[in-house]
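Shown next, in C-alpha cells, is the structure this report addresses.
Coordinate-derived values only; no laboratory data. Since the model is a prediction, treat every value here as computed from it, not as a measurement. Neighbour counts are summed over all protein chains in view; Cβ atoms, including those assigned to glycine, are modelled from backbone coordinates with ideal geometry.
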Amino acid sequence: MSKKLKSLAVYCGHQFGTNPSFARAAVSVGDFLGNNNIRMVFGGGDVGLMGTVATAALDAGGHVIGVSTHNVIEKQEPVHNGVDVQIVDGVNDRKQKMIELSDGFIILPGGIGTLNELTDIMTMQQIGESKKPLFFLNTSGFWIPFVRLFIHMQKNGFIETIHDYNIHGANTPDELFKKILEY
C-alpha cells in the first residue's frame, strides 16, 4: 500500500447516471479503499454513486468519513448509515473539510458538484496551494469531453500543460488502483 496516501476523497455523483458501468466502478473503488485500509472521505450522502462507493468501502471493512452540510441533510440527502459524519455550515466549508481530511482525490463520474470539486482542486494546484494528486477514473469515456476542454483551454493559452497538475488518469479500476498504490 502507498505510504503517502492514507486517506482519499472520492468525488462522484449523487445520482447513478445512465450507464451501469458507473455503479460497478464505484463498487470497485469502495472495495479497493476498504481492502487497502485507505480511509475514504466523501460528501456523506446515501444516494447514487456516492452511497454506492461508501457502502462498498464499509462492506470491505473500511473507515469512511462523510462531510455534509446542515442544508443538504435537512432538504436533500439522507446521511449514509455507518460512516463517521462531520457536519459543516456550507458547501465551501464542506469542500475545505474534505480537502483537509484527504491526501488525494479520486474523481468518478458525476455532475455539477463533482465538476466544481474537481476544478477547485485543479485551481489550487495551478496557484500552488496543493500538490495532492487527482486520480481520474474515466469509466466508459465519461471524462473525455472534459479532457478535450482542457486541451482546448491549453491551445488557446489559458492554462499550461497537463504536466503542471498532479493528475493521474485511468480507464479501468485496476489501472486506477495500480496508480494509487504506486504513488
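What to note about this one:
- Under the Karplus curve 6.51 cos²θ - 1.76 cosθ + 1.60, θ = phi - 60°, whole-Hz ³J(HN,Hα) for the stretch 117-124, x wherever Gly or Pro sits: 5, 4, 5, 4, 5, 5, 5, 4
- Taking the square roots of five times each eigenvalue of the Cα gyration tensor of the chain, the equivalent ellipsoid has semi-axes of 24, 18, 16 Å, listed largest first.
- Amide H contacts under 5 Å for residue 38, placed H, 5+ residues apart: none
- Mean-square fluctuations from a GNM of the chain, with a 10 angstrom spring cutoff on Cα atoms, peak among 67, 147, 41 at 147.
- Taking the chain as a Gaussian network of alpha-carbon nodes connected by springs under 10 Å, the highest mean-square fluctuation of the residues 98, 153, 50 belongs to 153.
- Phi angles across the stretch 87-100 convert, under the Karplus curve 6.51 cos²θ - 1.76 cosθ + 1.60 with θ = phi - 60°, into 3J(HN,Hα) values of 9, 10, 6, x, 5, 5, 5, 4, 4, 4, 5, 5, 5, 4 Hz, Gly and Pro given as x.
- Exceeding the 21 Å Cα-Cα cut-off - candidates 4/131; 6/178; 4/178; 155/179; 155/178; 4/179: 155/179; 155/178
- Placing unit charges on each Cβ (+1 for Lys and Arg, -1 for Asp and Glu) gives the chain a dipole about its Cα centre, and among 181, 123, 60 the Cα reaching farthest toward its positive end belongs to 181.
- Beta bridges per DSSP with both ends in the chain, % antiparallel, nearest 5: 5 percent
- Net charge dipole, the stretch 1-64: roughly 340 debye, given to the nearest 20, about the Cα centre with Cβ charges of +1 for Lys and Arg and -1 for Asp and Glu.
- Calculated on alpha-carbon atoms, Rg and Dmax of the stretch 39-124 in Å: 12.1, 34
- Anisotropy class assigned to the stretch 131-183 is oblate, per the alpha carbon gyration tensor with a/c at or over the 1.5 cut-off and a/b no larger than b/c.
- Taking Lys and Arg as +1 and Asp and Glu as -1, the other residues whose beta-carbon sits under 11 Å from that of residue 136 total 0.
- By the count of neighbouring beta-carbon atoms within 10 Å, fewest first, 55, 139, 119 end up ordered 119, 55, 139.
- Cα-centre dipole for the stretch 114-183 with unit charges at Cβ (Lys and Arg positive, Asp and Glu negative), debye to 20: 120 debye
- Computed about its Cα centre, the charge dipole of the chain is approximately 360 debye, with only Lys, Arg, Asp and Glu carrying charge at their Cβ.
- 3J(HN,Hα) couplings calculated from phi for the stretch 130-135 with the Karplus curve 6.51 cos²θ - 1.76 cosθ + 1.60 (θ = phi - 60°) are, in sequence order, 8, 10, 5, x, 10, 10 Hz; Gly and Pro show x.
- Net charge over other residues, Cβ less than 14 angstrom from the Cβ of residue 31 (K, R count +1; D, E count -1): -1
- Cα lying deepest toward the dipole's positive end in the stretch 1-160, options 153, 71, 112, charges on Cβ: 153
- Sorted by Cβ density within 10 Å, fewest first, the residues 183, 165: 183, 165
- The H on the amide N of residue 85, modeled in the peptide plane, is under 5 Å from the matching H of 66, each at least 5 residues off or on a different chain.
- For residue 122, neighbours were defined as the other residues whose beta-carbon sits under 15 Å from its Cβ, and their charges (Lys and Arg +1, Asp and Glu -1) total -2.
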